[in-house]
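S.K.: Handing you a structure now.
Laboratory data are not the source of any read-out in this text; all were calculated from the coordinates shown. Given the structure is predicted, the values throughout are model-derived calculations rather than measurements. So basically every Cβ, Gly included, is an ideal-geometry build from the backbone, and we count neighbours across all protein chains shown.
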Amino acid sequence: MPRTGQPLSVTMTNFGSLGWVTDKRDGYRYEPTHPETGSPWPEMPALLTELWQEVADYPALPEACLVNWYAPDSRMGMHVDWDEEATDAAVVSISLGDKARFRLGGQRRGGKTGSMVLSSGDVVVLGDEARSCYHGVDRIYPGTSTLLPPEAFPGGGRINLTMRRVKRA
Ligand SMILES: O=C(O)CCC(=O)C(=O)O
Ligand SMILES: [Mn+2]
């Protein structure tokens, strides 16, 4: 987390020419390389860019795909994704593994919200008005999927992929 240096609840990495990173000193931002290894992020898998082309309705491809692993007790606080210049492009989210309760509010923090359960394979497109709406993940429902191998992901949990267009097209 910026300023405090507290760890996020999720464990993250990225695909693409840019990746979303954060740390105590420099805060939320996109970087072309992994902050610890200095290596470029792995290339975006073609299946992901194909999905983007089907659902994003945007004239350019995403540069970044943030990969978040939610352990069974992870959550994500309400936030708006606003580190991208291209806020005219949707954020496309793919859920894999355990179910999660996803919460969506309005454009003001603290306003009325609603929630839905996302299952493995669900795709959410945060576009148009929803692009600037607060959202987060209240909880994971452990043991609701066998997709994630327990040797790699203790307790299973959930992987969420979010594709983002960072620079204006
Ligand atoms: O895990 C989710 O469904 C949402 C993830 C999210 O909002 C984000 O990574 O910015
Ligand atoms: Mn988000």
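S.K.: Gap in Å between the Cα centre of the range 17-72 and the Cα centre of the range 80-97?
M.R.: Measuring centre to centre over Cα atoms gives 10 Å.
S.K.: Here's something else I'd like to know. What list do you get for CYS65, CYS133 if you sort them by fewest beta carbons within 10 Å?
M.R.: Fewest-to-most ranking of CYS65, CYS133: CYS133, CYS65.
S.K.: Continuing with this model, one more query. Using Cβ counts within 10 Å as a stand-in for footprinting exposure, how do HIS34, HIS79, HIS135 rank, fewest first?
M.R.: Ascending Cβ contact count within 10 Å gives the list HIS79, HIS34, HIS135.
S.K.: Still on this structure, I have one more. Okay, helix-only estimate at 222 nm for the chain: each DSSP H run of n ≥ 4 adds -39500 (n - 2.57), divide by all residues, round to 500 deg cm²/dmol; what do you get?
M.R.: Taken over the chain, the calculation gives -1500 deg cm²/dmol.
S.K.: Moving on to the next point. Would you tally the net charge around TRP41, using a Cβ to Cβ cut-off of less than 11 Å, leaving TRP41 out, and scoring K and R as +1, D and E as -1?
M.R.: Net charge in that neighbourhood comes out at -3.
S.K.: What area, in nm² and to one decimal, does the C-alpha convex hull of the chain cast on average over all directions?
M.R.: 9.8 nm²
S.K.: Among MET44, MET1, MET78, rank each residue by its count of other Cβ atoms within 10 Å, from fewest to most, as a rough exposure measure.
M.R.: Ranked by crowding around the Cβ, least crowded first: MET1, MET78, MET44.
S.K.: For the range 77-169, which trypsin sites (Lys or Arg not before Pro) are both in a DSSP coil and crowded by at most 15 other Cβ atoms within 10 Å?
M.R.: When the trypsin sites (Lys or Arg not before Pro) of the range 77-169 are filtered for loop state and at most 15 Cβ neighbours within 10 Å, ARG108, ARG109, LYS112, LYS167, ARG168 remain.
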